[in-house]
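Here the structure comes first, spelled out in structure tokens, and everything after it is commentary.
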Amino acid sequence: MPAKTDLRRFPGFLTVTILCLIVLYAPLIVVAVYSFNASTSITRWGGTSLAWYVDVFTGPEAPKFQQAAINSFVIAITASIIATAIATLASVAMTRTGRFNGKTLSFALISLPLMVPEVVTAVASLVFFTAIGFTTGLMTILIAHIVFCIPFAYLPISARMQSIPDMYEQAAMDLYATPREAFKLVLLPLMTPGILSGFLLAFIISLDDFLITNFVKGAGVETLPTAIFGSVKQGIKPNIMAISTLMLGISVIFVSLSWLIGRAGQNKAKEN
Amino acid sequence: MAAGAPMGEGSASNIYRGNSLKLMLPAWAMIGVFLLAPVAMMAIYSFLTKEFRGGVIWQFSTAAYDQFFFNRGLFGDEPPTIEWTYIGIFWRSIWQAGVATIACLLIGFPTAWFIATRDAKTRSVWLFLVTVPYWVNLLIRTVSMKFLIRDTGPLNEFLLWSGTISEPLGLINTNFAVQLGLFYSYLPFMVLPIYAAVERYDFALSEAAADLYAGVWTTLRLVILPEVKPGIVAGCILVFVPSLGAFLAPDLLGGAKTFMIGSLIEEQFKGAAGNWPFGAAASTILLTIVMAVLLVYARNQNRGA
């Protein structure tokens, strides 16, 4: 129907969309390209080279960034696993236990980390840990990360849980499965794609965080973002561009994975 | 708060009834102890006496709020006048976040519309392209933007080389650079809720408008915009709120003249200022503004539903 497609089309919208993508991608592409620059000057092009990638792993700043990377990944994996577990249980409560007292309040509490501005969470966490005499360090970073990862894990998990009817668990319980068994043997396997995408989202969010980490990290402890920020304060050096490009690559791999998992989950849901 | 989030009320299943409290407990405990209690503690700290070089003395004081709102002269003995420095920083932050939100809307709406009107297969590819940058580390994105627009950066080098300009644009350390950074940071937040709203839009309404001789732009203004307004409002909130308290874009792309709330607060704890009660007071004021915005939003949502 040509008339219908006309109604959907506005002159210039395609141009704006292209412009939008250019703005979103231009800085990332430029940095990725310049990270392969052989020249020590960060703006003059001196031919293609992997020198700065070698520098990232063997250069004078390598130990610092390696330690920061290890910290970042350990925290991101631990925080996102714990946040995903908490979010999964909360999703079951919110979507499969009917009405209960404080349900609306519970949802508000879970979304609270999304509503409170990051800098406020950062200040609040620092003040709290100081007031109760908690030494800031890896542990405080981990706790803060778990808290703000919970809603990011919760949203995809509860959305998926809501889209799965409870008839499979009903059937299991008709066949004398206990609620615990129905949850473990029926719901969890059905939920795998949703839980995985919740986990991946939480992981990326944890890896991404700078501000809260910077407040609660304590002296001498660095994650990749805080180490990069400290280095950038003294000017953008080529090794930062190489690190950025590596992290860009990791993010793209993760988002692609999450996309593929999500699509596989959808296809599976259709088959069901 | 995130757009399209399931409110939990809709689901009728109660197959695990009776276990609600047990299942919710870890989430309540974690967020209650490590976010709700800290926010309360922060509000308490804003009423304490400052210790030099960071920290507090446990003694009630309204000095932090007094410093925020009033100027009592160098020795604190003159009659108080309104202190505009910090109110000015808050006002500038609201302005910067507002400009970034409008820019996101102007670019984000056509983009969301365009994507939502593709066929199912290409749509998911476009959507994927728009969401990928959101997954890239915000610090790295901001640093990349700084690198690109610096006076000696690739953008200026290219424009100089091509003869479009004769001297560098001088973008860095300006209000515009901060707005660009905020726009760049939060654009996907605008596109996604509008996309979701357009996807639900009934095109029979456009057909009806066309039958009544409305042009495309009249239809957009009188029919489409009111229909997708919830998505637009959600997008604006999702961009405005994080922009207001943003730290990285103003800090890396702006200079002393573009100081925003995030930097003001950070300086009290990490920087030279070292005034914890004042930082806590500024954070409490910021949180109050944000909660007021969200409350107005929630109230209008409920009235609409």
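What follows draws every value from the coordinates through simple rules; no lab data is involved. All of these numbers come straight from a predicted model, not from anything done at the bench. Ideal geometry is used to build each Cβ from the backbone, glycine not excepted, and the neighbour counts take in all protein chains shown.
Quick notes on this structure:
- In this structure the amide hydrogen of B:ASP151, modeled in the peptide plane, comes within under 5 Å of the amide hydrogens of B:ILE172, none closer than 5 places in sequence on its chain.
- Residue order, fewest to most surrounding Cβ atoms within 10 angstrom, among A:TYR53, B:TYR213, A:TYR154, B:TYR186: B:TYR213, A:TYR53, B:TYR186, A:TYR154
- Entry note, chain A: relative contact order of 29 percent, from Cα contacts under 8 Å with a spacing of 6+ residues.
- Helices that extend 30 Å or more along their long axis by alpha-carbon positions and average at least 0.0 on the Kyte-Doolittle scale are, among the DSSP H runs of chain B, B:84-116, B:175-200, B:276-304.
- Among the DSSP helices (H) of chain A, those spanning at least 24 angstrom by Cα along their long axis with an average Kyte-Doolittle hydropathy of -0.5 or more are A:13-34, A:62-96, A:138-163, A:188-208, A:238-271; this is a geometric and hydropathy rule only.
- Helix-only mean residue ellipticity at 222 nm for chain A, each DSSP H run of n ≥ 4 adding -39500 (n - 2.57), per residue, nearest 500: -25000 deg cm²/dmol
- If you plug the beta carbon distance of B:ASP119 and B:ASP211 into 1/(1 + (r/R0)^6) with R0 = 22 Å, you get a FRET efficiency near 0.35.
- Taking all C-alpha pairs of the protein assembly as shown, those more than 42 Å from each other amount to 25 percent.
- Here A:LYS64 and B:ARG221 are evaluated by their C-beta separation; at R0 = 41 Å the FRET efficiency comes out at 0.15.
- Added length on full extension, which subtracts the Cα-Cα distance from 0.36 nm per residue, A:LYS233 to A:MET139: 31.2 nm
- Spacing of the modelled spin labels on B:ARG72 and A:ILE29, each 7 Å from Cα toward Cβ, amounts to 5.8 nm.
- Environment charge of B:ALA63, counting only residues whose C-beta is closer than 13 Å and scoring Lys/Arg +1, Asp/Glu -1: -1
- Counted by neighbouring Cβ atoms within 10 Å, the residues B:ASP151, A:ASP208, A:ASP174 run from fewest to most as A:ASP174, B:ASP151, A:ASP208.
- Only one residue of A:ALA85, B:CYS236, A:VAL56 has its Cα farthest out toward the positive end of the dipole of the protein assembly as shown, where Lys and Arg carry +1 and Asp and Glu -1 on Cβ, and that residue is A:ALA85.
- Cross-link table B:LYS229/B:LYS257; A:LYS217/B:LYS257; A:LYS217/B:LYS22; A:LYS217/B:LYS50; A:LYS64/A:LYS233, entries beyond 25 Å C-alpha to C-alpha: B:LYS229/B:LYS257; A:LYS217/B:LYS257; A:LYS217/B:LYS22
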